[in-house]
Amino acid sequence: MKKYILITVFFIHSIVNAQNIDWTKITKDHKPDSKNELSTYFKKQVSMKNLNKAVFAPKNSNIALSFLINSKNKPYAIKINSFGNKLLKKEILEAFENYPLEKLNLVELDKKNRYHLQIISKKKDKYIFNCSSTVIIESPPVCANCDDLEYFEDIKICWNTEVKKHLFNSLDFSLLDSIKEDETKLYIRYTISSDSLVLNDKTKVPSIFKNEVERVLNSFGAIKKEETLNGVNLKSNYGTYITFKKGEIPIYKKRQPEYESFTKPSIDNELSLFFAKHLLEKEIEEIGLNKVYERLIISFEMDANEVLFNIHTNARSKEVNKKVIALFKEYPQSKLNFADITPFNIYSLQLLSFSNNKTIINTSSIVSYLRAPIYPGCEVSKDITIAKKCFSRAIQKGFSKNFDGGITNRIGLAAGRLRVYINFNINVKGEITNIKTRSSKPSSAIIQEVNRVMKLIPKMTYAPVHNGKPVTFNYQFPFSLIVQ
């Protein structure tokens, strides 16, 4: 029996957490049908070639789509829970954006909800469009200081912020003075009940501090509404990190001041005056900034010839995105104040901010930048997009060269496809750290071999940097082990 490896690599930085739904348990709720109107529509819009290359998450037999609703009842933040195959994602995304939402049989569209649909499922060895006939509706948890917000993502961010502030302000950190380590990472996990937060057994804190964490979680009495899925209370796991350093009392800080201290936004710099001249007051208000969604940001990349590309904003509507990008392109690039220019940076500028309950034009005076780590040999790349592809190819080549394919024979791995998912960090020195591996089928030998190969990855030529400060990047990628 011949056994070999097929590796599919897809890197993700700053991984977005999506609602994990067990579609097999709620089949009667979402009523999947390979012959319904949405399934038929996708069959016409998406190529079979791309469909057959779909990659499923571990232990999942389907691919789902989620979306949010903006003020004009249009979908945005459309997410597809599939690894790899960018062409498939692109085709599904473009097709769904053009599909009339009224055909989804929703009674109403609410900005406070997130909507989920199964799109693709497995039927034996085939991948088919088997779309939900009924949309699954997710409602976020709401606490006292967040009940005035209108958007799902704002409510979720506000919830996480309020819980984190409660922990910082209420925990007795003096209980940790007796531990030996100078610095300790407190990883606090919890679920939401009707009247309190419940400590999760995956919480990682010193044993002497566990009761204190539980006490403070139980004292969070600001819960106004639990999160639900189709009206049924969810018991999702939430988590947060707190870094404790001996001799210091942890203080909650927002990240925004760090961004502002570097970019120095101003209401009267040249870029602000330019946008003030071309953006109408009505257009500014329609952007919908608030106490959580506080800034309109434009991001872009630059190639070796200093040509800007991949320009996009965090606007919630395609119309605003299009208008802002068009204006930005009219502004002379020579007038932008770059602190660092390299084709390996991702750049961003604040354009608008929310202050004193009002949205104002308040643009960055200095362009913010995030430099991605560069794999040795990839520094000749023309831009960051090409450098990322070079990174991916280098990892793939390294795995093909160093992975011990004979291990499949030694452990008697059954014929079929084994998916392995690897999560790791690239630290401030450009080194691979914190490797975590999981697979679709339990195999400690495979996981050990993956970890061994990962440790062979060389130090990056350029370590990650954000606005002049070294930072850590998080990545994940899957690969498929094909056994024949």
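Would it be correct to say that LEU65 is assigned to a strand (DSSP E or B), within 18 Å of the chain's Cα centre (by Cα) and either at pLDDT 90 or above or not hydrophobic (A, V, I, L, M, F, W, C) (or both)? Let's see the steps before the verdict.
Values: assigned to a strand (DSSP E or B): yes; within 18 Å of the chain's Cα centre (by Cα): yes; either at pLDDT 90 or above or not hydrophobic (A, V, I, L, M, F, W, C) (or both): yes.
So LEU65 fits the description; yes.
Are there any pairs with C-beta distances below 7 angstrom linking a residue in segment 275-290 that is more than 19 Å from GLU150 (Cα to Cα) to a residue that is open to solvent by less than 20 Å² (accessible area, probe 1.4 Å), with the two at least 6 apart or on different chains, and if so which?
Pairs that qualify, where the first residue is more than 19 Å from GLU150 (Cα to Cα) and the partner is open to solvent by less than 20 Å² (accessible area, probe 1.4 Å), are PHE275/LEU327; PHE275/LEU351; PHE275/THR363; HIS278/LEU327.
Do we have THR359 as of a type in the set (Val, Ile, Thr), open to solvent by 20 Å² or more (accessible area, probe 1.4 Å) and either in a loop (DSSP other than H, G, I, E, B) or at pLDDT 95 or above (or both) here?
no
Matching residues to (1) of a type in the set (Lys, Arg); (2) in a loop (DSSP other than H, G, I, E, B); (3) at pLDDT below 95:
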| residue | (1), (2), (3) |
| --- | --- |
| LYS254 | yes, yes, yes |
| GLU258 | no, no, yes |
| PHE274 | no, no, no |
| LYS277 | yes, no, no |
| GLY288 | no, yes, yes |
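Filter segment 164-191 down to the residues that are more than 25 Å from the chain's Cα centre (by Cα) and either among the aliphatic types (A, V, I, L, M) or within 30 Å of GLY231 (Cβ to Cβ) (or both) and list them by number.
So in segment 164-191, the residues more than 25 Å from the chain's Cα centre (by Cα) come out as 169-184.
Once the filter is applied, which keeps residues that are more than 25 Å from the chain's Cα centre (by Cα) and either among the aliphatic types (A, V, I, L, M) or within 30 Å of GLY231 (Cβ to Cβ) (or both), segment 164-191 yields LEU171, LEU175, LEU176, ILE179.
Are there strands (runs of 3 or more DSSP E) fully within segment 366-456 with at least 2 residues that are of a type in the set (A, V, I, L, M, F, W, C), in contact (Cβ under 8 Å) with a residue 40 or more places away in the chain and open to solvent by less than 20 Å² (accessible area, probe 1.4 Å)? List them.
416-426
How many of the residues making up segment 457-474 are under 13 Å from ASN434 (Cα atoms), assigned to a strand (DSSP E or B) and touching a Pro at 6+ places or on another chain (Cβ under 9 Å)?
Looking only at that region, the number is 1.
Could you go through segment 255-262 and let me know if any residue there is loosely packed, with under 12 Cβ neighbours inside 10 Å, under 23 Å from the mean Cα position of the chain (by Cα) and under 29 Å from TRP159 (Cα atoms).
yes
What are the pairs, 6+ residues apart or on separate chains, where a residue within segment 302-314 that is under 14 Å from ALA387 (Cβ atoms) has its Cβ under 7 Å from a residue that is modelled with pLDDT of 95 or more and hydroxyl-bearing (Ser, Thr, Tyr)?
Going by the 7 Å Cβ cut-off, the qualifying pairs are MET302/TYR347.
Residue by residue through segment 201-221, note down the ones that are more than 20 Å from THR184 (Cα to Cα) and buried (at least 16 other Cβ atoms within 10 Å of the Cβ).
PHE220
For segment 117-150, give me the residue count where each residue is open to solvent by less than 10 Å² (accessible area, probe 1.4 Å), part of a strand (DSSP E or B) and under 30 Å from ASP195 (Cβ atoms).
3
Yes or no: segment 192-211 includes at least one residue that is more than 17 Å from ILE249 (Cα to Cα), hydrophobic (A, V, I, L, M, F, W, C) and under 24 Å from the mean Cα position of the chain (by Cα).
Looking for residues that are more than 17 Å from ILE249 (Cα to Cα), hydrophobic (A, V, I, L, M, F, W, C) and under 24 Å from the mean Cα position of the chain (by Cα), one finds at least one in segment 192-211, hence yes.
From the residues in segment 156-175 that are surrounded by 14 or more Cβ atoms within 10 Å (Cβ to Cβ) and charged (D, E, K, R), which one is nearest to SER207 (Cα to Cα)?
LYS164
Answer yes or no: is there a residue in segment 154-161 that is touching a Lys or Arg at 6+ places or on another chain (Cβ under 7 Å) and not basic (Lys, Arg).
Applying the first criterion (touching a Lys or Arg at 6+ places or on another chain (Cβ under 7 Å)) to segment 154-161 yields 155.
Checking the rest, the ones that are also not basic (Lys, Arg) come to 155.
Checked segment 154-161: at least one residue is touching a Lys or Arg at 6+ places or on another chain (Cβ under 7 Å) and not basic (Lys, Arg).
Just for segment 227-250: of the residues that are farther than 22 Å from LYS31 by Cα and open to solvent by less than 30 Å² (accessible area, probe 1.4 Å), which one is modelled with the lowest pLDDT?
SER236
If a residue has to be touching a residue at least 12 places away in the same chain (Cβ under 8 Å), hydroxyl-bearing (Ser, Thr, Tyr) and in a helix (DSSP H, G or I) to count, how many in segment 260-272 make the cut?
Going through segment 260-272 one residue at a time, the tally reaches 2.
Out of the residues in segment 176-190 that are crowded, with 17+ Cβ neighbours inside 10 Å and aliphatic (A, V, I, L, M), state the one that is farthest from HIS166 (Cα to Cα).
Looking at the filtered set, the residue picked out is LEU176.
Is it fair to say GLU153 is under 27 Å from the mean Cα position of the chain (by Cα), within 30 Å of PRO32 (Cβ to Cβ) and assigned to a helix (DSSP H, G or I)?
Details: under 27 Å from the mean Cα position of the chain (by Cα): yes; within 30 Å of PRO32 (Cβ to Cβ): yes; assigned to a helix (DSSP H, G or I): yes.
Against the criterion (under 27 Å from the mean Cα position of the chain (by Cα), within 30 Å of PRO32 (Cβ to Cβ) and assigned to a helix (DSSP H, G or I)), GLU153 qualifies.
The values are calculated or read from the model by the stated rules, or taken from the named source; none is laboratory data. Quantities reported herein were computed from a predicted structural model and do not represent experimental measurements. Note that we place each Cβ from the backbone using ideal geometry, even for glycine, and neighbour counts take in every protein chain shown. Side chains included, ligands, DNA and RNA excluded: accessible areas come from the protein's heavy atoms. Shrake-Rupley method; radii C 1.70, N 1.55, O 1.52, S 1.80 Å.
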